[in-house]
């Protein structure tokens, strides 16, 4: 989803399965990630302060860094 360049606008993820899906993050480290919620209660992932993804139907409290791989 993210490489060393951040996207110009957030990706919208509508079908993330927290039990089996893993999201790849390249060029950044775990400490660069932060989670928040939008007005609809959907999780928002920010990397290095830039919003990169909105996870429809998933709350920020459900996401963990274990759902991500770094490389």
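The values are calculated or read from the model by the stated rules, or taken from the named source; none is laboratory data. Only a predicted model underlies this, so the values are computations on that prediction, with no experimental measurement involved. Backbone-built Cβ (ideal geometry, glycine too); neighbour counts: all protein chains shown.
If you go through segment 57-71 and keep only what is part of a loop (DSSP other than H, G, I, E, B) and within 18 Å of residue 7 (Cα to Cα), you end up with just 71.
Would you point out the residue of segment 1-31, among those that are assigned to a loop (DSSP other than H, G, I, E, B) and surrounded by 14 or more Cβ atoms within 10 Å (Cβ to Cβ), that is modelled with the lowest pLDDT?
The first filter runs over segment 1-31 and keeps only residues assigned to a loop (DSSP other than H, G, I, E, B), leaving 1, 3-10, 14-22, 26-29.
Now narrow it down to the ones that are surrounded by 14 or more Cβ atoms within 10 Å (Cβ to Cβ): 1, 6-7, 10, 16, 27-28.
On the way: 1: 54, 6: 75, 7: 75, 10: 87, 16: 94, 27: 85, 28: 86.
It comes out as 1.
On inspection, residue 46 does not qualify as touching a helix residue (DSSP H, G or I) at 6+ places or on another chain (Cβ under 8 Å) and part of a strand (DSSP E or B). Restricting the search to segment 32-55, which residues are closer than 21 Å to residue 19 by Cα, at pLDDT 95 or above and surrounded by 14 or more Cβ atoms within 10 Å (Cβ to Cβ)? Those that are closer than 21 Å to residue 19 by Cα, at pLDDT 95 or above and surrounded by 14 or more Cβ atoms within 10 Å (Cβ to Cβ): 37, 42, 43, 44, 54, 55.
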